[in-house]
Amino acid sequence: MKIAVVGAGITGIVSAYELSKQNIQVDLYEKDSEIGGIAGTFSYDGFSLEKYYHHFFKSDKYIEKLSKEVGVYDNLKWVNTPMGYFSQGALYDFGTPVSLLKFKPLDFLDKIRFGMSVVKILSINNWKHLEEITAYDWIVKNAGEEVFNTVWKPLLVGKFGDRYKDISMAWLWGKIKLRGSSKENGREALGYFDGSIGVLLHKLEDKLIKNGCNIILDSEVQRIDKKSKFNIITKLGESTYDGVISTIPLPEFIRISRGMLPNSYIEEKKSIEYTAVSCMILLLKRQLSKYYWLNIGDESIPFGGLIEHTNMIGKKVYKGNNILYISNYLYKDNAYFDMDIEDLLDQYIPHIKKINPKFDKSWINDKFLFKDVFAQPIIKKGYLSIKPELETPIEGLYVANMCSIYPEDRGVNYAIKYGIDATKKVGKLHEK
Ligand SMILES: Cc1cc2nc3c(=O)[nH]c(=O)nc-3n(C[C@H](O)[C@H](O)[C@H](O)COP(=O)(O)OP(=O)(O)OC[C@H]3O[C@@H](n4cnc5c(N)ncnc54)[C@H](O)[C@@H]3O)c2cc1C
């Protein structure tokens with residue numbers, strides 16, 4: 001039996017790894033020149049950095065299990081991380097009961113409403129009824145318009161832009177529940193791989209090679225179709241397979257396999273859209289703020305979050321650099337998305353100065369910009385009815401990607417879960 005896995009992000013790598021463990025012959029296709037996708041890393045001056053900031057939660061059991069299995073669990077360190085919120089021109093601590101009491105943008109009554117609504121969200125275990133209500137409607141009903149506008153609206157706009165009112169409450173519940181459960185001694189504790197997530201990725205890559213999997217880089221799959229077997233078409237030619245697991249973004253999957261798929265499937269899945277992301281990394285001479293994770297609650301600022309990585313794990317391994325990620329979720333037709341790094345930085349600088357007025361361009365030792373068109377599916381009310389299952393209407397063709405993950409928020413942990421689950425379907429094919 002021979003299987004093609006399309007896309008070597010974390011989902012595809014894990015699928016290929018699971019299949020190769022069962023002695024199934026696997027070809028893993030990746031359009032880029034390296035593995036990792038959005039979870040990819042790069043080397044700089046002797047250390048490794050994520051292209052996009054990555055941390056993990058205490059509830060990420062699939063990461064724990066996989067990293068134990070491949071022998072990198074000892075690299076996973078748990079750290080208490082300071083979270084902040086920038087609102088109405090000032091920085092506030094955020095995420096603990098004490099910080100809520102000191103959070104000036106909300107008056108006393110709204111602080112109570114906000115706190116109670118978060119407690120209510122965390123106490124919900126059966127999320128199904130949240131499927132039919134938007135986050136906007138739920139929060140306004142349970143905490144009031146002022147709480148929504150002051151705290152939640154900037155966060156939702158930061159991720160989904162003008163679609164913020166459409167987002168499902170089930171999605172927000174999943175997000176808060178995951179983050180809220182990652183606590184140690186009442187403070188947020190996040191996990192990070194010593195040496196970056198590249199430690200896990202490259203360990204998996206080594207295992208894949210050892211197990212005989214072909215990792216075919218620089219090979220964009222242009223088309224998938226089926227005659228008696230599946231055909232995978234790349235610029236190198238055509239190869240045939242008994243089954244295919246596609247882990248590429250859903251719209252890309254539909255584009256390259258539309259010849260095979262029924263119209264009803266295409267039309268339904270086409271309605272799932274994504275936001276893009278532009279993520280700038282600054283290597284700074286000085287610390288910008290004391291926060292690891294700084295939410296930007298000010299819609300005049302064009303980015304949604306500042307993640308000062310070295311406020312989580314220190315700057316020793318980074319040769320003294322302070323590592324700052326400037327996260328900007330946006331739509332691909334937004335002018336910021338196509339800007340080159342110099343122009344974008346010039347746009348950002350006046351806003352970075354709002355966070356720390358002393359910030360100056362001379363603080364920057366180096367900088368990088370990474371972008372991805374398929375960063376986050378837009379999860380609207382009633383998503384469950386259109387969520388792609390692992391099986392497609394074509395027997396032997398499976399999909400596992402960020403859109404499969406719901407109500408939990410997309411992330412590495414669930415990418416691992418769905419990457420493994422897809423291989424169980426192939427296993428059933430194998431038994432036939
Ligand atoms: C800014 C940002 C921050 C994040 N932070 C965290 C975090 O802190 N913790 C966490 O757990 N998760 C985080 N995530 C989410 C996490 O990175 C993703 O859920 C995960 O990496 C998705 O992996 P994937 O393999 O499903 O998709 P992808 O990483 O998108 O992989 C898909 C792969 O398919 C390849 N491909 C596409 N088309 C083709 C084709 N036609 N032929 C061949 N190859 C193709 C792509 O090049 C890519 O390598 C973050 C995401 C973003 C955007």
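The values are calculated or read from the model by the stated rules, or taken from the named source; none is laboratory data. Model, not experiment: these values are computed from the prediction. We place every Cβ from the backbone using ideal geometry, glycine too, and count neighbours over all the protein chains shown. Accessible surface is based on the protein model in full, side chains and every heavy atom, while ligands, DNA and RNA are left aside. Shrake-Rupley method; radii C 1.70, N 1.55, O 1.52, S 1.80 Å.
For the Cα atoms of the chain, what angle does the longest principal axis make with the long axis of helix 10-21, in degrees from 0 to 90, nearest 10?
40 degrees
I'd like the orientation of helix 412-431 relative to the chain: the angle between its Cα long axis and the longest Cα principal axis, in ° from 0 to 90, rounded to 10.
20 degrees
Ratio to report: Rg/Rh of the chain, with Cα atoms as the point set and Rh obtained by the Kirkwood method; give two decimals.
A ratio of 0.97.
Would you mind getting the accessible area per residue of the range 319-432, heavy atoms of the protein chains only, 1.4 Å probe, in Å²?
It amounts to 43 Å² per residue over the range 319-432.
Which number do you get for Rg(Cα) / (2.2 N^0.38 Å) in the range 306-432?
1.49
Where the accessible area of the range 25-170 is counted over protein heavy atoms with a 1.4 Å probe, how much of it, in %, is carbon and sulfur?
53 percent
Measuring from a point 7 Å past the Cα of residue 96 along Cα-to-C-beta, which residues in the range 306-322 have an amide N at less than 16 Å?
Counting only backbone N, you get 312.
For the range 80-188, what is the convex hull (Cα atoms) projected area averaged across all directions, in square nanometres?
The directionally averaged projection comes out at 6.8 nm².
Go through the range 344-360 residue by residue and turn each phi into a ³J(HN,Hα) via Karplus (6.51, -1.76, 1.60, θ = phi - 60°); whole Hz please, and just put x for glycine and proline.
Going residue by residue, I get 5, 4, 4, 5, 6, 3, x, 7, 5, 5, 5, 7, 9, x, 7, 4, 9 Hz, with x marking Gly and Pro.
Accessible area per residue of the range 80-188 at 1.4 Å probe, in Å²?
Normalised by residue count, the accessible surface of the range 80-188 is 48 Å².
Taking N as the number of residues in the range 342-406, what is its Cα Rg relative to 2.2 N^0.38 Å?
1.93
Counting only protein heavy atoms and using a 1.4 Å probe, what share of the accessible area of the range 330-432 belongs to carbon plus sulfur, as a whole percent?
51 percent
Given the options 188, 342, 408, state which has the largest fluctuation in a GNM of the chain using a 10 Å cut-off (strictly under) for Cα springs.
342
On the Cα set of the range 274-377, report Rg and Dmax in Å, please.
Both quantities, over Cα of the range 274-377: 13.3, 39 Å.
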